[in-house]
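Working notes for the structure below.
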Amino acid sequence: AATRHIHFELDGKGAAKFEKPDLDIWPDLEIPMDSVKRVNIEDLTKENLSQFKSGDTLLLSGKILTARDAAHKKIVEYKAAGKALPNNLDLKDRFIYYVGPVDPVRDEKVGPAGPTTSTRMDKFTKEMMEIGILGMIGKAERKQPTIDLIKEYKSTYLIATGGAAYLISQSIKDAKVVAFEEMGMEAIYEFEVKDMPVTVAVDTEGVSIHTTGPQKW
């Protein structure tokens, strides 16, 4: 989750000074590249999602949609009213990336585009599953009822690296608004990505890396 706090006391002797953390206190992690799976999103179906297990590292290529809180609320309202989404946008069998991208500058296709905390979308997940989304990409853990839904609908939840918004944007080769343009960064975009790095956080069997990971460590 997005915890960015530091606590200190000023003693009146001038500016506070902080020592840089010793990076040796964190373990060195190396991911063997032969274990990374390149995945064409266009080839994914409910039937073949089960090949990916919690903890797998994937490089995604293809087209994904974006949606944050406001867009999810709108989608659910449209669903409840039995209305088609603007531009006849079809969410069935699509991956939804929880992100509000920053506006591009100069020759960028999109500005920094890092994941937002996924638990805020938990309250919308059942309706999104009923619409038929294939999976979700975000940041941080999901609540147990959401994990149960992922298992029930044989979906999957992937996590992108929080705090690496600019680096993630380098894997986005094209971006266009496809619905709710009036909502600015909360609009629904379609991203075309190439080798976007993600980790399988909850697989089709409901195994969550946020449970197994701490147990392993």
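Worth a mention:
- Selection of segment 203-217 for residues being open to solvent by 30 Å² or more (accessible area, probe 1.4 Å) and in a helix (DSSP H, G or I) yields I209, H210, T211, T212, P214, Q215, K216.
- Restricting D56, D11 to residues that are of a type in the set (D, E, K, R) and within 25 Å of E190 (Cα to Cα) narrows the list to D56.
- Where a residue in segment 97-109 is under 20 Å from I41 (Cα atoms) and its partner, wherever it lies, is in a loop (DSSP other than H, G, I, E, B) and of a type in the set (D, E, K, R), with Cβ under 9 Å and at least six apart: Y98/R68; V99/R68
- All strands (runs of 3 or more DSSP E) inside segment 57-157 with 2 or more residues being surrounded by fewer than 19 Cβ atoms within 10 Å (Cβ to Cβ): 57-66
- Checking every residue in segment 15-36 against the condition of being under 21 Å from the mean Cα position of the chain (by Cα), open to solvent by less than 100 Å² (accessible area, probe 1.4 Å) and closer than 28 Å to K123 by Cα gives zero matches.
- Each residue in segment 158-180 was checked for being open to solvent by 30 Å² or more (accessible area, probe 1.4 Å) and not small (G, A, S), and 9 pass.
- Condition check for E42: open to solvent by 90 Å² or more (accessible area, probe 1.4 Å), under 30 Å from L134 (Cα atoms), under 27 Å from the mean Cα position of the chain (by Cα) and at pLDDT 85 or above: yes
- Subset of segment 142-164 that is within 11 Å of the chain's Cα centre (by Cα) and at pLDDT below 95 - its residue that is nearest to E205 (Cα to Cα): T161
- Among residues of segment 137-157, those that are within 26 Å of E108 (Cβ to Cβ) and touching a Leu at 6+ places or on another chain (Cβ under 7 Å), counted: 1
- Total residues in segment 150-204 satisfying the condition of being hydrophobic (A, V, I, L, M, F, W, C), without any contact (Cβ under 8 Å) to a residue 40 or more places away in the chain and out of contact with any Ser or Thr (no Cβ under 9 Å at 6 or more places or on another chain): the figure is 1.
- Selected residue (criterion: farthest from E108 (Cα to Cα)) from residues of segment 181-202 that are buried (at least 20 other Cβ atoms within 10 Å of the Cβ) and out of contact with any Leu (no Cβ under 8 Å at 6 or more places or on another chain): V202
The values are calculated or read from the model by the stated rules, or taken from the named source; none is laboratory data. Since the model is a prediction, treat every value here as computed from it, not as a measurement. Note that each Cβ is placed from the backbone with ideal geometry, even for glycine, and that neighbours are counted across all protein chains shown. Heads up: the accessible areas ignore ligands, DNA and RNA and are worked out on the full protein's heavy atoms, side chains in. Shrake-Rupley method; radii C 1.70, N 1.55, O 1.52, S 1.80 Å.
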